[in-house]
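This report refers to the structure that appears directly beneath it.
The values are calculated or read from the model by the stated rules, or taken from the named source; none is laboratory data. Keep in mind that this is a model prediction, so the values were computed, not measured. As a convention, Cβ positions derive from the backbone with ideal geometry for all residues, glycine included, and neighbour counts pool all protein chains shown. Each accessible area value is taken on the protein alone, full model and side chains, heavy atoms only, with ligands, DNA and RNA left out. Shrake-Rupley method; radii C 1.70, N 1.55, O 1.52, S 1.80 Å.
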Amino acid sequence: MIKAFRTDVLPPDEREEYWTDAVHQAVTRLDIRPHPDAPVGGALWSVEVGSIHVGHVEAGPQRMARTRGIIANDAGNALIVSLQEAGSSVVSQGGRETLLATGELVLLDSRRPFLRIFPGSFRQNIAAVPLELLDVPDSFLARVTGRTYSPTHYIGGILASFVSRLAAAAESSACMSDTNQYLQRGLTDVLTALVAHEGRLDADVTPTAEETLRQLVRDYVRTHLNRPELSPVMIAAAHHMSVRYLHKLFQGEEMTIGRWIQHQRLEASREDLARPDLAGLTVEAIAQRRGFASPAHFSRIFRVAYGMSPVTWRRMAGG
(Lines give C-alpha, C1' and ligand atoms only; values in the text may rest on other atoms or scores of the structure.)
Protein backbone atom coordinates (compact mmCIF):
# COMPACT_ATOMS: atom_id res chain seq x y z
CA MET A 1 0.00 0.00 0.00
CA ILE A 2 1.29 3.45 -0.95
CA LYS A 3 1.64 5.95 1.90
CA ALA A 4 1.89 9.67 1.23
CA PHE A 5 2.66 12.46 3.72
CA ARG A 6 2.70 16.25 3.18
CA THR A 7 3.18 18.92 5.81
CA ASP A 8 2.06 21.87 3.67
CA VAL A 9 -1.60 20.91 4.10
CA LEU A 10 -1.38 21.22 7.90
CA PRO A 11 -1.37 24.21 10.28
CA PRO A 12 2.25 25.27 11.05
CA ASP A 13 2.06 24.22 14.71
CA GLU A 14 1.20 20.61 13.75
CA ARG A 15 3.82 20.06 11.09
CA GLU A 16 6.88 19.16 13.19
CA GLU A 17 5.21 16.30 15.08
CA TYR A 18 3.49 15.06 11.92
CA TRP A 19 6.77 15.07 9.96
CA THR A 20 8.64 13.17 12.68
CA ASP A 21 5.94 10.50 12.71
CA ALA A 22 5.92 10.28 8.90
CA VAL A 23 9.69 9.67 8.76
CA HIS A 24 9.33 7.07 11.50
CA GLN A 25 6.67 5.17 9.56
CA ALA A 26 8.58 5.29 6.28
CA VAL A 27 12.18 4.81 7.45
CA THR A 28 12.96 4.67 11.19
CA ARG A 29 12.47 6.70 14.35
CA LEU A 30 14.64 9.85 14.39
CA ASP A 31 15.08 13.03 16.39
CA ILE A 32 14.30 15.75 13.81
CA ARG A 33 15.15 19.41 14.37
CA PRO A 34 14.28 22.21 11.93
CA HIS A 35 16.80 24.73 10.65
CA PRO A 36 16.54 27.92 12.78
CA ASP A 37 15.49 29.94 9.74
CA ALA A 38 13.13 27.41 8.14
CA PRO A 39 10.12 25.40 9.30
CA VAL A 40 10.55 21.64 9.45
CA GLY A 41 8.59 19.56 7.01
CA GLY A 42 8.34 18.24 3.51
CA ALA A 43 6.70 15.54 1.42
CA LEU A 44 7.26 11.81 1.54
CA TRP A 45 5.98 8.78 -0.39
CA SER A 46 6.65 5.20 0.68
CA VAL A 47 5.70 1.66 -0.28
CA GLU A 48 6.42 -1.78 1.16
CA VAL A 49 8.29 -4.08 -1.19
CA GLY A 50 7.97 -7.30 0.75
CA SER A 51 9.39 -6.34 4.14
CA ILE A 52 11.54 -3.52 2.69
CA HIS A 53 10.33 0.09 3.05
CA VAL A 54 11.12 2.14 -0.07
CA GLY A 55 10.39 5.85 -0.31
CA HIS A 56 11.08 9.26 -1.78
CA VAL A 57 11.63 12.37 0.37
CA GLU A 58 11.53 16.06 -0.57
CA ALA A 59 12.17 18.51 2.28
CA GLY A 60 13.87 21.68 3.46
CA PRO A 61 16.94 22.17 5.68
CA GLN A 62 16.88 20.10 8.89
CA ARG A 63 18.84 17.85 11.21
CA MET A 64 18.00 14.15 11.70
CA ALA A 65 19.61 12.04 14.42
CA ARG A 66 19.30 8.41 15.47
CA THR A 67 20.36 8.72 19.12
CA ARG A 68 21.26 6.11 21.75
CA GLY A 69 18.10 7.04 23.65
CA ILE A 70 15.92 6.40 20.60
CA ILE A 71 17.69 3.10 19.86
CA ALA A 72 17.15 1.89 23.44
CA ASN A 73 13.37 2.37 23.04
CA ASP A 74 12.93 1.49 19.38
CA ALA A 75 13.22 -1.97 17.85
CA GLY A 76 14.33 -0.65 14.45
CA ASN A 77 16.73 -3.14 12.91
CA ALA A 78 17.48 -2.09 9.34
CA LEU A 79 20.23 -1.13 6.97
CA ILE A 80 19.16 2.16 5.40
CA VAL A 81 20.18 2.93 1.82
CA SER A 82 20.00 6.69 1.26
CA LEU A 83 20.48 8.05 -2.26
CA GLN A 84 20.95 11.83 -2.62
CA GLU A 85 18.89 12.81 -5.65
CA ALA A 86 19.27 16.60 -5.22
CA GLY A 87 21.04 18.83 -2.71
CA SER A 88 23.63 17.57 -0.25
CA SER A 89 23.97 16.39 3.34
CA VAL A 90 26.57 15.72 5.99
CA VAL A 91 26.51 12.12 7.25
CA SER A 92 28.09 10.79 10.43
CA GLN A 93 28.18 7.22 11.78
CA GLY A 94 30.78 4.97 13.37
CA GLY A 95 33.32 7.76 13.84
CA ARG A 96 33.18 8.71 10.14
CA GLU A 97 31.84 12.02 8.84
CA THR A 98 31.43 12.67 5.15
CA LEU A 99 29.63 14.90 2.65
CA LEU A 100 26.97 13.19 0.53
CA ALA A 101 26.74 14.98 -2.81
CA THR A 102 24.04 14.69 -5.48
CA GLY A 103 24.02 11.21 -7.03
CA GLU A 104 25.87 9.54 -4.16
CA LEU A 105 24.50 7.01 -1.69
CA VAL A 106 25.30 6.09 1.90
CA LEU A 107 24.49 3.05 4.06
CA LEU A 108 23.36 3.56 7.68
CA ASP A 109 22.80 0.96 10.40
CA SER A 110 19.70 1.77 12.49
CA ARG A 111 21.11 -0.20 15.47
CA ARG A 112 23.88 2.40 15.88
CA PRO A 113 23.68 6.17 16.35
CA PHE A 114 23.99 8.35 13.28
CA LEU A 115 23.52 12.01 12.31
CA ARG A 116 22.26 13.62 9.10
CA ILE A 117 22.49 17.38 8.51
CA PHE A 118 20.74 18.85 5.46
CA PRO A 119 21.93 22.45 4.98
CA GLY A 120 19.39 23.22 2.26
CA SER A 121 16.44 21.78 0.37
CA PHE A 122 16.99 18.22 -0.79
CA ARG A 123 15.48 15.17 -2.46
CA GLN A 124 16.36 11.61 -1.47
CA ASN A 125 15.37 8.05 -2.32
CA ILE A 126 15.38 5.69 0.65
CA ALA A 127 15.26 1.92 1.20
CA ALA A 128 15.13 0.49 4.73
CA VAL A 129 16.14 -3.18 4.50
CA PRO A 130 15.61 -5.43 7.57
CA LEU A 131 19.01 -6.74 8.65
CA GLU A 132 17.74 -10.30 8.94
CA LEU A 133 17.46 -10.34 5.13
CA LEU A 134 21.21 -9.72 4.78
CA ASP A 135 23.55 -12.65 5.28
CA VAL A 136 26.71 -10.62 6.07
CA PRO A 137 28.92 -10.39 9.18
CA ASP A 138 28.46 -7.48 11.57
CA SER A 139 32.13 -6.62 11.07
CA PHE A 140 31.43 -5.93 7.38
CA LEU A 141 28.47 -3.69 8.23
CA ALA A 142 30.62 -1.66 10.61
CA ARG A 143 33.12 -1.03 7.80
CA VAL A 144 30.65 0.03 5.09
CA THR A 145 28.21 2.25 7.04
CA GLY A 146 28.78 5.99 7.11
CA ARG A 147 30.70 5.85 3.82
CA THR A 148 29.56 7.31 0.51
CA TYR A 149 29.40 5.41 -2.78
CA SER A 150 29.35 7.19 -6.13
CA PRO A 151 27.12 6.27 -9.10
CA THR A 152 30.27 5.13 -10.94
CA HIS A 153 30.91 2.39 -8.36
CA TYR A 154 30.00 -0.78 -10.23
CA ILE A 155 27.86 -2.30 -7.46
CA GLY A 156 26.85 1.04 -5.89
CA GLY A 157 25.59 2.23 -9.28
CA ILE A 158 23.38 -0.84 -9.68
CA LEU A 159 22.02 -0.39 -6.16
CA ALA A 160 21.35 3.33 -6.76
CA SER A 161 19.45 2.56 -9.97
CA PHE A 162 17.42 -0.18 -8.26
CA VAL A 163 16.41 2.08 -5.36
CA SER A 164 15.58 4.97 -7.71
CA ARG A 165 13.27 2.85 -9.84
CA LEU A 166 11.44 1.48 -6.80
CA ALA A 167 11.11 4.96 -5.30
CA ALA A 168 9.70 6.27 -8.58
CA ALA A 169 7.13 3.47 -8.49
CA ALA A 170 6.18 4.50 -4.94
CA GLU A 171 5.70 8.12 -5.99
CA SER A 172 3.60 7.18 -9.02
CA SER A 173 1.52 4.68 -7.01
CA ALA A 174 2.50 1.84 -9.34
CA CYS A 175 1.16 -1.54 -8.20
CA MET A 176 3.88 -4.11 -7.58
CA SER A 177 2.15 -6.55 -5.23
CA ASP A 178 2.44 -9.49 -7.63
CA THR A 179 6.22 -9.11 -7.97
CA ASN A 180 7.21 -7.85 -4.52
CA GLN A 181 8.92 -11.07 -3.44
CA TYR A 182 11.21 -10.97 -6.49
CA LEU A 183 11.95 -7.26 -6.13
CA GLN A 184 12.77 -7.76 -2.45
CA ARG A 185 15.13 -10.59 -3.29
CA GLY A 186 16.80 -8.58 -6.07
CA LEU A 187 17.37 -5.50 -3.93
CA THR A 188 18.62 -7.64 -1.04
CA ASP A 189 21.05 -9.51 -3.29
CA VAL A 190 22.57 -6.32 -4.74
CA LEU A 191 22.88 -4.72 -1.29
CA THR A 192 24.47 -7.91 0.11
CA ALA A 193 26.95 -7.93 -2.78
CA LEU A 194 27.96 -4.33 -2.01
CA VAL A 195 28.40 -4.97 1.72
CA ALA A 196 30.26 -8.24 1.19
CA HIS A 197 32.62 -6.73 -1.41
CA GLU A 198 33.34 -3.43 0.34
CA GLY A 199 33.45 -4.96 3.84
CA ARG A 200 36.11 -7.44 2.85
CA LEU A 201 37.97 -4.98 0.61
CA ASP A 202 38.16 -2.33 3.31
CA ALA A 203 39.49 -4.86 5.82
CA ASP A 204 42.37 -5.58 3.41
CA VAL A 205 42.58 -9.12 4.76
CA THR A 206 41.39 -12.51 3.63
CA PRO A 207 38.49 -14.01 5.57
CA THR A 208 39.44 -15.78 8.79
CA ALA A 209 39.09 -19.53 9.07
CA GLU A 210 36.03 -19.00 11.31
CA GLU A 211 34.33 -16.70 8.76
CA THR A 212 34.99 -19.19 5.97
CA LEU A 213 33.64 -22.04 8.07
CA ARG A 214 30.49 -20.08 8.98
CA GLN A 215 29.86 -19.46 5.28
CA LEU A 216 30.30 -23.17 4.53
CA VAL A 217 27.78 -24.00 7.25
CA ARG A 218 25.27 -21.46 5.88
CA ASP A 219 25.63 -22.86 2.36
CA TYR A 220 25.12 -26.39 3.71
CA VAL A 221 21.95 -25.34 5.56
CA ARG A 222 20.43 -23.71 2.47
CA THR A 223 21.14 -26.84 0.44
CA HIS A 224 19.53 -29.17 3.02
CA LEU A 225 16.49 -27.13 4.15
CA ASN A 226 14.13 -29.82 2.82
CA ARG A 227 15.45 -32.41 5.29
CA PRO A 228 13.46 -32.50 8.56
CA GLU A 229 16.45 -34.01 10.38
CA LEU A 230 18.62 -30.96 9.64
CA SER A 231 19.98 -29.90 13.02
CA PRO A 232 23.18 -28.72 14.74
CA VAL A 233 24.10 -32.38 15.27
CA MET A 234 23.76 -33.18 11.55
CA ILE A 235 25.66 -30.02 10.54
CA ALA A 236 28.49 -30.64 13.00
CA ALA A 237 28.89 -34.22 11.78
CA ALA A 238 28.97 -33.11 8.12
CA HIS A 239 31.74 -30.61 8.88
CA HIS A 240 33.76 -32.86 11.21
CA MET A 241 33.38 -30.67 14.28
CA SER A 242 31.73 -30.93 17.68
CA VAL A 243 28.27 -29.48 18.29
CA ARG A 244 29.82 -27.32 21.01
CA TYR A 245 32.28 -25.80 18.53
CA LEU A 246 29.47 -25.21 16.01
CA HIS A 247 27.52 -23.19 18.59
CA LYS A 248 30.70 -21.28 19.48
CA LEU A 249 31.16 -20.36 15.79
CA PHE A 250 27.82 -18.52 15.84
CA GLN A 251 28.12 -16.93 19.30
CA GLY A 252 28.76 -13.44 17.97
CA GLU A 253 26.08 -13.60 15.26
CA GLU A 254 22.56 -12.14 15.31
CA MET A 255 20.99 -15.63 15.70
CA THR A 256 22.04 -18.97 17.09
CA ILE A 257 22.52 -21.66 14.47
CA GLY A 258 19.22 -23.29 15.48
CA ARG A 259 17.26 -20.06 15.13
CA TRP A 260 18.99 -19.27 11.85
CA ILE A 261 17.95 -22.65 10.41
CA GLN A 262 14.34 -21.99 11.43
CA HIS A 263 14.48 -18.47 9.97
CA GLN A 264 15.79 -19.80 6.63
CA ARG A 265 13.04 -22.42 6.53
CA LEU A 266 10.37 -19.83 7.25
CA GLU A 267 11.67 -17.42 4.61
CA ALA A 268 11.87 -20.19 2.01
CA SER A 269 8.34 -21.36 2.91
CA ARG A 270 6.97 -17.81 2.70
CA GLU A 271 8.46 -17.40 -0.78
CA ASP A 272 7.07 -20.78 -1.87
CA LEU A 273 3.58 -19.87 -0.65
CA ALA A 274 3.64 -16.79 -2.90
CA ARG A 275 4.78 -18.66 -6.01
CA PRO A 276 2.00 -19.13 -8.61
CA ASP A 277 3.72 -22.27 -9.95
CA LEU A 278 3.31 -23.93 -6.53
CA ALA A 279 -0.36 -22.98 -6.12
CA GLY A 280 -1.34 -26.62 -6.56
CA LEU A 281 0.50 -27.64 -3.37
CA THR A 282 -1.24 -27.44 0.00
CA VAL A 283 0.20 -25.35 2.83
CA GLU A 284 1.12 -28.61 4.57
CA ALA A 285 3.00 -29.80 1.46
CA ILE A 286 4.86 -26.48 1.26
CA ALA A 287 5.87 -26.77 4.92
CA GLN A 288 7.01 -30.36 4.45
CA ARG A 289 8.94 -29.33 1.35
CA ARG A 290 11.01 -26.99 3.52
CA GLY A 291 11.67 -29.47 6.31
CA PHE A 292 8.80 -28.79 8.72
CA ALA A 293 7.59 -32.16 10.02
CA SER A 294 4.56 -30.76 11.88
CA PRO A 295 2.00 -28.58 10.02
CA ALA A 296 0.66 -27.26 13.35
CA HIS A 297 4.13 -26.24 14.49
CA PHE A 298 4.78 -24.57 11.12
CA SER A 299 1.54 -22.56 11.28
CA ARG A 300 2.24 -21.48 14.85
CA ILE A 301 5.77 -20.17 14.28
CA PHE A 302 4.80 -18.65 10.91
CA ARG A 303 2.11 -16.60 12.66
CA VAL A 304 4.58 -15.50 15.35
CA ALA A 305 7.19 -14.48 12.75
CA TYR A 306 4.93 -12.69 10.25
CA GLY A 307 1.79 -11.78 12.18
CA MET A 308 -0.57 -13.86 10.05
CA SER A 309 -1.29 -17.48 9.19
CA PRO A 310 0.32 -19.17 6.16
CA VAL A 311 -3.12 -19.37 4.51
CA THR A 312 -3.70 -15.61 4.94
CA TRP A 313 -0.23 -14.80 3.62
CA ARG A 314 -0.77 -17.03 0.59
CA ARG A 315 -4.09 -15.35 -0.18
CA MET A 316 -2.56 -11.87 0.13
CA ALA A 317 0.50 -12.78 -1.95
CA GLY A 318 -1.66 -14.35 -4.65
CA GLY A 319 0.23 -17.67 -4.62
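Residue 135 passes every criterion in (1) in a helix (DSSP H, G or I); (2) within 14 Å of the chain's Cα centre (by Cα) apart from (1). Selection of first residues in the stretch 61-87 that are closer than 16 Å to residue 146 by Cα and of second residues that are part of a loop (DSSP other than H, G, I, E, B) and open to solvent by 20 Å² or more (accessible area, probe 1.4 Å), restricted to Cβ pairs under 6 Å at least 6 apart or on distinct chains, gives the following pairs, ordered by first then second residue: 66/113; 67/113; 84/102; 84/104. With respect to (1) open to solvent by less than 60 Å² (accessible area, probe 1.4 Å); (2) of a type in the set (D, E, K, R); (3) within 23 Å of residue 183 (Cβ to Cβ), the lone exception for residue 48 is condition (1). Considering only the stretch 145-192, state which residues are at pLDDT below 85 and of a type in the set (D, E, K, R). Selection gives 171, 178. State all residues of the stretch 114-156 that are of a type in the set (Phe, Trp, Tyr) and closer than 15 Å to residue 78 by Cα; if no residue qualifies, say none. Result: 114, 140.
Report whether or not residue 101 is open to solvent by 10 Å² or more (accessible area, probe 1.4 Å) and more than 17 Å from the chain's Cα centre (by Cα). Judged against the criteria, residue 101 is a match.
What strands (runs of 3 or more DSSP E) completely inside the stretch 59-131 contain at least 1 residues that are charged (D, E, K, R) and closer than 22 Å to residue 43 by Cβ? Fully inside the stretch 59-131 and qualifying: 62-66, 78-86, 114-118, 122-130. Yes or no: residue 106 more than 19 Å from the chain's Cα centre (by Cα), free of Cβ contacts under 8 Å to residues at least 60 places away in the same chain and buried (at least 19 other Cβ atoms within 10 Å of the Cβ)? Here the answer is no, as residue 106 does not meet what is asked. Tell me yes or no: at least one residue of the stretch 26-42 is under 30 Å from residue 271 (Cβ atoms), in contact with a Gly (Cβ under 8 Å, 6 or more places away or on another chain) and open to solvent by 70 Å² or more (accessible area, probe 1.4 Å). Yes; the residues of the stretch 26-42 include at least one that is under 30 Å from residue 271 (Cβ atoms), in contact with a Gly (Cβ under 8 Å, 6 or more places away or on another chain) and open to solvent by 70 Å² or more (accessible area, probe 1.4 Å).
Would you pick out the residues in the stretch 109-122 that are crowded, with 22+ Cβ neighbours inside 10 Å and among the basic types (Lys, Arg)? 116, the sole residue that qualifies.
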